[in-house]
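**Q** Before we start, here is the structure in question, set down as structure tokens.
The values are calculated or read from the model by the stated rules, or taken from the named source; none is laboratory data. The structure displayed is predicted, hence computed values, not measured ones. Cβ atoms come from the backbone with ideal geometry, glycine included; neighbour counts cover every protein chain shown.
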Amino acid sequence: MSGATGSHGGLTRRSFLKTTGAVAGVAAVSGTAAPTLQALAAEPVAKQGSGDEELFSCMCRSNCMGSCRYHAHVRDGKLMKLTPADYPVEGYRGSCLKGLAYVERIYSPTRVKYPMRRAGERGADQWEQISWDDAIKEIASKLTEISEKYGPKAVVFDSASGQYGFLNGIYNPFGRLSGVMGATKLAVSYDYAAGHGIDRVLGTGDWSYCNEPNSVMDSSLVVVWGTNPVLCAPQNWRWIQWAREKGTRVIDIDPIKSATAHRADEWIPVTPGHDGYMALAMCNHLIEHDLINTEFLMKQSTACFLVRRDTLRHLRKSDYEEVPTDPATKKPIDDFYVWDNARGDIALVGEAQDPAMEGSFTTSDGIEVDTAYSLLKKQLEQYSVSKASELTGVPEDRIVKLAEEFAGERAVSVNITYGLDHYVNGYQNTWAIAMLLALTGQCCRDGAGFTGVFTATYSPNTLAIWAGTPEFKELNSQIPNGLAAEVFGTQKLEGKDYPAKAMVSYCSSLLSNQPSQKEWMEKVLPNIEFWVVLDTEMHDSARYADIVLPVASWYEKEDVRVAYNNPYMTINEKAIEPLYESKPEWEIAGLIGRAMGYEKSFPADWGPDDWMNLLFTDEVSKKRGFTLDRLKEEKVIQFTTTAEGEPHIRGKSAPLPTESKRVQLYCENPKPRLNWGQDLSEREPHEHIVYYQPPEEAGADNPLAEKYPLVYIQEHSRFRVHIQWWETPLLRELDPEPLAKVNSADAEARGVKNGDIVEVFNDRGHAVLKCLVDESIAPGVISIPKGWQRNQFIEGSYQEMTQPKIDPYPAASSFYDSRVDFRKWEG
Ligand SMILES: Nc1nc2c(c(=O)[nH]1)N[C@H]1C(S)=C(S)[C@@H](COP(=O)(O)OP(=O)(O)OC[C@H]3O[C@@H](n4cnc5c(=O)[nH]c(N)nc54)[C@H](O)[C@@H]3O)O[C@H]1N2
Ligand SMILES: Nc1nc2c(c(=O)[nH]1)N[C@H]1C(S)=C(S)[C@@H](COP(=O)(O)OP(=O)(O)OC[C@H]3O[C@@H](n4cnc5c(=O)[nH]c(N)nc54)[C@H](O)[C@@H]3O)O[C@H]1N2
Ligand code: SF4
Ligand SMILES: [Mo]
């Protein structure tokens, strides 16, 4: 370990050149032998050593929870290798075998090399090579024809999380094509429950709830809750490891003794699906035993705010008088009332001398109110430690101790990614944990709060790419891709006709990554008249497409990325020319756009810089001096506003985005993430105060447990990011085939031995694959690490059995909320 000594929270700054170009210039003038880093910094790209190798500043762009920066070593136009490149704070440098092995994906013989048209039956994997001209003509005429026949929304653009570049990744100019057509742009439904639940408390939206990873250096306890950072966020895990070496304790809560559980100080095994209940029981225990952080609650939460029984809204200044509007946000500048015991009457929160945290009152004008805390306390009374123990299998005394650790520790970070999210009750799980942090004051200060998915505090101007054209019509982006199967399958949305007929997919493989794959095969595919897939690889979706277009790989096209889990924006230089006939997305979108008649929106003379410049045209970028030129010169720019190395802490580095800037115990205005016309009128009144909802299928007490006794988890694998790297030889050597991992008790009960071929099944489908008997898996749980393609199974696929239901509030996919059984495969 080397990265954790020095200034803030044990960080050092190595000799990364902050304004690298400038320093390299100095080196050149003084004539000193430039050390490697200085050499890297020269413009446009320096030669290294005596060889003729050029180095380019690039990065891994998968949806791994890391953002590793790489140097691409290029000789004679060939990418020789990738080596990890520095960030200004050394601890953020990172790499993994997948990142390094990307070279094999570029030069893979199985790479999509030229445009292809389906030649046989859909899915028969018979293709004919066609020219780009023919491909573009065919796509343009088909999309136009379908749009004219069924209306523009019948054309569906699908991008998910395959690549986070702003020019060629998920935010690329296909969004503009969708906008000028008035087509449908699917919204992603992966990983949206966690943030939705936490938003109810911290107001931090879908993504912005985590502190920077280095904040754990200030934590006394890290609770890793339903996530496996050792495999899934290794660069994040290292901070936890470094903190641990300094004395921070690490507890891991997981049904599987995961790679992370093996490295924690303590592993608390749980029965899947009920963590939310346990967190609420912990909250109740702390209230009952007077262990909550009253000072925090009074000063930094809405505990003492009053909730009107008539409107279910807070009693606020604007209930009595007109309030001014903030010219910047166009929102009212309001204020909130509390009950002032000193006056025996209401008072504005800043003016009360002795605000009441608890109680029910009637104002002098007859409005009945309760404090937010009183409502919460009453709600929590129903959640008991004994029931929590029954549901989760965690002993009662351990639950109590955990609750008291939250109350007593100096600073607790809950490391949370998406294990708890992947259930229909995912947002209730994380809402409950956020409430636990609120009641114990474990947030909005150093070392306290959530970590796991630290996302940008700054976003480039994607809207300028998508909507910044006079031809823009509308962006229909309210249908989650988790509903795509239903919409395509039934041609209806919420009972109304929705003729979805064509799809254009990039950075996404819905057929691989969406649940209930058989439904896709049987009900969706027959209704897709025309499917265009842009990828480097022939995955499950590409195999069922009508046209497959070859795209340039990450190192064959330029891009801008704003990282997560570190505080930097980076330039991604084009290291080599696109191989074969592949092209970058900005160019392909332009070709199709112009062929459809949108010349104004896709000017023929625009190059990548014209598109990337749009990203910096918003006021924030201007104010902060972020430009493409600057990024090209410096390669890496810190987007957070804290001092270098100082962690960004939600609610401390910037105020919480809630209306009151306080932590919310009561959610005044619960809104669904997306609006596609779903009816929430019955749900809405219950969404103000945190509550427990059992999982759809996984629950220990679910009747389906009799027929399908095992909860089915699909761990994210060390060897792939979703499907990416699924056929990369270096990784297949280590992980050659899909495995169903089960406990010996479950294997023995079915007469199955390690290495046997088994069939894993439920009513939705099956998978036939090798069984790995593994004591790390709890009895009653089965895991098939995710990301394999259909042709890698003996029969079926791991994705046939997964849960298709999504809750209409977060609209988040719920893969793990599934039950299955397995038996020895007799062929
Ligand atoms: N190598 C690699 N890295 C990745 C990815 C990848 O595929 N491969 N995917 C990336 C993406 S997009 C994501 S979303 C993240 C996912 O990152 P993680 O959320 O860390 O990934 P999972 O494998 O889903 O890990 C979740 C853990 O939660 C546990 N779990 C499941 N159900 C429950 C439950 O009910 N309670 C509790 N307490 N624990 C439970 C599982 O057993 C598992 O160990 O990883 C990212 N990083
Ligand atoms: N059963 C089950 N299914 C799951 C999950 C689970 O836990 N269990 N997890 C879900 C989660 S959390 C997520 S985030 C999703 C991820 O699902 P997706 O967002 O679909 O993610 P990937 O498989 O990483 O990438 C999809 C495709 O993008 C392509 N791609 C990469 N770079 C580029 C590029 O520059 N241009 C183009 N055109 N394509 C590119 C890759 O080659 C890959 O084929 O999977 C979900 N699916
Ligand atoms: S997959 Fe993740 S850990 Fe590996 S190189 Fe890419 S960003 Fe880094
Ligand atoms: Mo994800």
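**Q** Check ARG445 against each of (1) closer than 30 Å to GLU619 by Cα; (2) assigned by the TED database to the domain that holds GLY247; (3) touching a helix residue (DSSP H, G or I) at 6+ places or on another chain (Cβ under 7 Å) and name the one condition it does not meet.
**A** Every listed condition holds for ARG445 apart from (3).
**Q** Is one or more of the residues making up region 336-344 in a loop (DSSP other than H, G, I, E, B), touching a residue at least 60 places away in the same chain (Cβ under 8 Å) and over 31 Å from the mean Cα position of the chain (by Cα)?
**A** No, because not a single residue in region 336-344 is in a loop (DSSP other than H, G, I, E, B), touching a residue at least 60 places away in the same chain (Cβ under 8 Å) and over 31 Å from the mean Cα position of the chain (by Cα).
**Q** Is it the case, given these coordinates, that LEU202 is out of contact with any Gly (no Cβ under 8 Å at 6 or more places or on another chain) and modelled with pLDDT of 95 or more?
**A** So LEU202 does not fit the description; no.
**Q** Which of the numbered conditions does ALA119 fail, given that it passes all the others? Conditions: (1) within 16 Å of ligand 1 (Cβ to nearest atom); (2) of a type in the set (A, V, I, L, M, F, W, C); (3) without any contact (Cβ under 8 Å) to a residue 60 or more places away in the chain.
**A** Condition (1) is where ALA119 drops out.
**Q** Checking ASP252 against (1) over 20 Å from ARG720 (Cα atoms); (2) more than 16 Å from ligand 4 (Cβ to nearest atom); (3) in contact (Cβ under 8 Å) with a residue 60 or more places away in the chain, which single condition isn't satisfied?
**A** Here ASP252 meets the rest and fails (3).
This table checks each residue for (1) under 19 Å from the mean Cα position of the chain (by Cα); (2) more than 16 Å from ligand 2 (Cβ to nearest atom).
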site	(1), (2)
GLY179	no, yes
ASN211	yes, yes
SER215	no, yes
LEU221	no, yes
THR227	yes, no
ASN236	yes, no
ARG244	no, yes
ARG249	no, yes
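**Q** Failed condition for ALA542, given (1) in contact with a Ser or Thr (Cβ under 8 Å, 6 or more places away or on another chain); (2) part of a loop (DSSP other than H, G, I, E, B), with all others met?
**A** ALA542 satisfies all of (1) in contact with a Ser or Thr (Cβ under 8 Å, 6 or more places away or on another chain); (2) part of a loop (DSSP other than H, G, I, E, B) except (2).
**Q** Looking at this structure, is VAL524 closer than 17 Å to ALA160 by Cα, without any contact (Cβ under 8 Å) to a residue 60 or more places away in the chain, crowded, with 24+ Cβ neighbours inside 10 Å and more than 22 Å from the chain's Cα centre (by Cα)?
**A** It is false that VAL524 is closer than 17 Å to ALA160 by Cα, without any contact (Cβ under 8 Å) to a residue 60 or more places away in the chain, crowded, with 24+ Cβ neighbours inside 10 Å and more than 22 Å from the chain's Cα centre (by Cα).
**Q** Take the residues of region 201-211 that are more than 16 Å from ligand 4 (Cβ to nearest atom) and either surrounded by fewer than 24 Cβ atoms within 10 Å (Cβ to Cβ) or polar (S, T, N, Q) (or both): which is nearest to ALA154 (Cα to Cα)?
**A** Looking at residues that are more than 16 Å from ligand 4 (Cβ to nearest atom) and either surrounded by fewer than 24 Cβ atoms within 10 Å (Cβ to Cβ) or polar (S, T, N, Q) (or both), I get GLY205.
**Q** Continuing with the same structure: Is at least one residue of region 664-679 within 16 Å of ligand 1 (Cβ to nearest atom), over 21 Å from the mean Cα position of the chain (by Cα) and among the aromatic types (Phe, Trp, Tyr)?
**A** No, because not a single residue in region 664-679 is within 16 Å of ligand 1 (Cβ to nearest atom), over 21 Å from the mean Cα position of the chain (by Cα) and among the aromatic types (Phe, Trp, Tyr).
**Q** Another question, then. Which residues, counting only those in region 200-241, are more than 14 Å from ligand 3 (Cβ to nearest atom), in a loop (DSSP other than H, G, I, E, B) and of a type outside the set (Ser, Thr, Tyr)?
**A** Within region 200-241, GLY203, GLY205, ASP206, TRP207, ASN211, GLU212, GLY226 qualify.
**Q** OK, next. Could you check ASP746 against (1) buried (at least 16 other Cβ atoms within 10 Å of the Cβ); (2) under 28 Å from the mean Cα position of the chain (by Cα) and say which number it fails?
**A** Exception for ASP746: condition (2).
**Q** So how many residues does region 595-627 have that are β-branched (Val, Ile, Thr), part of a loop (DSSP other than H, G, I, E, B) and touching a residue at least 24 places away in the same chain (Cβ under 8 Å)?
**A** Residues meeting the conditions: 1.
**Q** Count, please, the residues in region 66-88 that happen to be of a type in the set (S, T, N, Q) and within 16 Å of ligand 4 (Cβ to nearest atom).
**A** Qualifying residue count, region 66-88: 1.
**Q** Just the residues that are small (Gly, Ala, Ser) and at pLDDT 95 or above, please, taken from region 800-827.
**A** ALA811, ALA812, SER813, SER814, SER818
Results for (1) in contact with a strand residue (DSSP E or B) (Cβ under 7 Å, 6 or more places away or on another chain); (2) modelled with pLDDT of 95 or more; (3) not assigned by the TED database to the domain that holds LYS149, shown as yes or no for each residue.
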| site | (1), (2), (3) |
| --- | --- |
| ASP497 | no, yes, no |
| GLU537 | no, yes, no |
| ASN566 | no, yes, yes |
| GLU573 | yes, yes, yes |
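**Q** In the set TYR192, TYR164, which member is modelled with pLDDT under 95 and within 12 Å of ligand 2 (Cβ to nearest atom)?
**A** Result of the check over TYR192, TYR164: TYR164.
**Q** Please find, within region 494-510, the residue that is farthest from PRO808 (Cα to Cα) out of those that are in a loop (DSSP other than H, G, I, E, B) and within 16 Å of ligand 4 (Cβ to nearest atom).
**A** Among those that are in a loop (DSSP other than H, G, I, E, B) and within 16 Å of ligand 4 (Cβ to nearest atom), it is CYS507.
**Q** Go over the candidates ILE637, ILE592 one by one and state the one that is surrounded by 15 or more Cβ atoms within 10 Å (Cβ to Cβ) and not in a helix (DSSP H, G or I).
**A** None of the other options fit; the residue is ILE637.
**Q** Among the residues of region 675-698, are any assigned to a loop (DSSP other than H, G, I, E, B) and either within 16 Å of ligand 4 (Cβ to nearest atom) or in the same structural domain as ALA279 (by the TED database) (or both)?
**A** Looking through region 675-698, none of the residues is assigned to a loop (DSSP other than H, G, I, E, B) and either within 16 Å of ligand 4 (Cβ to nearest atom) or in the same structural domain as ALA279 (by the TED database) (or both).
**Q** When the residues of region 83-109 are narrowed to those that are aromatic (Phe, Trp, Tyr) and crowded, with 20+ Cβ neighbours inside 10 Å, which ends up farthest from ligand 1 (Cβ to nearest atom)?
**A** Once the filter is applied, the top-ranked residue is TYR87.
**Q** Further, regarding this structure: What do you reckon, is PHE815 outside the structural domain of GLU537 (by the TED database) and either within 16 Å of ligand 4 (Cβ to nearest atom) or assigned to a helix (DSSP H, G or I) (or both)?
**A** Considered against the rule, which asks whether it is outside the structural domain of GLU537 (by the TED database) and either within 16 Å of ligand 4 (Cβ to nearest atom) or assigned to a helix (DSSP H, G or I) (or both), PHE815 comes out as yes.
**Q** Which one is nearest to ligand 1 (Cβ to nearest atom), of the residues in region 221-237 that are farther than 17 Å from TRP267 by Cα and either surrounded by fewer than 24 Cβ atoms within 10 Å (Cβ to Cβ) or not hydrophobic (A, V, I, L, M, F, W, C) (or both)?
**A** Result: PRO234.
**Q** Among the residues of region 775-827 satisfying the criterion of being within 16 Å of ligand 2 (Cβ to nearest atom) and of a type in the set (Ser, Thr, Tyr), which is farthest from LEU511 (Cα to Cα)?
**A** Checking each candidate, the answer is SER783.
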